[in-house]
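S.K.: Got a structure here, written out as structure tokens. Questions coming.
Values in this text are rule-based calculations from the coordinates and carry no lab data. Owing to the predicted nature of the structure, the values given are computational and were not obtained by experimental measurement. Ideal geometry is used to build each Cβ from the backbone, glycine not excepted, and the neighbour counts take in all protein chains shown.
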Amino acid sequence: MFIYTLVLLLVIAALRQNVSCEANIQSQSFKIINGNEAAPHSLPYQAAILGMDGKFLCGGSLISPRSILTAAHCLDRAGTSVQVVLGAHNISNPGEEGQLKITSTQFVIHKDWNAKKALNDIALVILPKPIETTNTIKWFIMD
């Protein structure tokens with residue numbers, strides 16, 4: 001009987017550990033620490049996704065003339081629209097040459113996105129009109 005009780009306690013402890021682990025995934029900070037600044041305009045496909053209050057939500061990649069690939073968790077609390085900044089090296093400098101700011105109200109979040117388990121964490125921001133490439137704005141090209 002002692003063995004069965006011990007096994008049962010170990011199984012319960014293991015199950016509780018998994019639940020705790022899933023909860024930790026959701027609360028992680030996802031910030032880059034000790035990174036290096038990229039050379040100006042070396043990532044012309046990079047997009048900054050901002051809330052309508054101007055606060056940074058996430059980054060993304062311009063993958064077509066009207067699509068920004070990003071993470072679903074970035075749009076969870078975005079409300080009904082976001083601002084997308086393209087062509088920027090410093091999003092804190094709105095007068096920066098080559099910078100373009102667009103408001104989007106259309107998102108596509110993966111149908112199986114699961115915030116608790118961080119599964120299928122992928123989404124698209126659909127831009128209202130096609131973006132033309134410039135010296136500072138280009139689509140991401142996979143080789």
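S.K.: Kindly write out, for segment 111-124 in residue order, the coupling ³J(HN,Hα) from the Karplus curve 6.51 cos²θ - 1.76 cosθ + 1.60 (θ = phi - 60°), rounded to whole Hz, with x marking Gly and Pro.
M.R.: With the stated coefficients, segment 111-124 comes to 5, 9, 4, 10, 5, 5, 9, 6, 9, 6, 7, 9, 7, 10 Hz.
S.K.: LEU86: net charge of surrounding residues, Cβ under 10 Å, Lys/Arg +1, Asp/Glu -1, itself excluded?
M.R.: Numbers: positive: LYS101, LYS138; negative: none.
Value of the local net charge: +2.
S.K.: Over what distance in Å are the Cα centres of segment 35-92 and segment 127-143 separated?
M.R.: 13
S.K.: Something else now. Rounded to the nearest 20 Debye, what is the dipole magnitude of segment 30-125 about its Cα centre when Lys and Arg each give +1 and Asp and Glu each give -1 at the C-beta?
M.R.: Details: 8 positive and 7 negative charges, 68 e Å.
The dipole magnitude comes to about 320 debye.
S.K.: Additional query: Using a cut-off of 13 Å between beta-carbons, work out the net charge of the residues near SER104 (Lys and Arg +1, Asp and Glu -1, SER104 not included). Let's see the in-between values first.
M.R.: On the way: positive: ARG66, LYS101, LYS129; negative: none.
Once positives and negatives cancel, what remains is +3.
S.K.: Right, another one. Run the reach check for LYS101 against lysines, Cα to Cα strictly under 30 Å, same-chain hits fewer than 8 apart removed. What comes back?
M.R.: Output for LYS101: LYS31, LYS55, LYS111, LYS129, LYS138.
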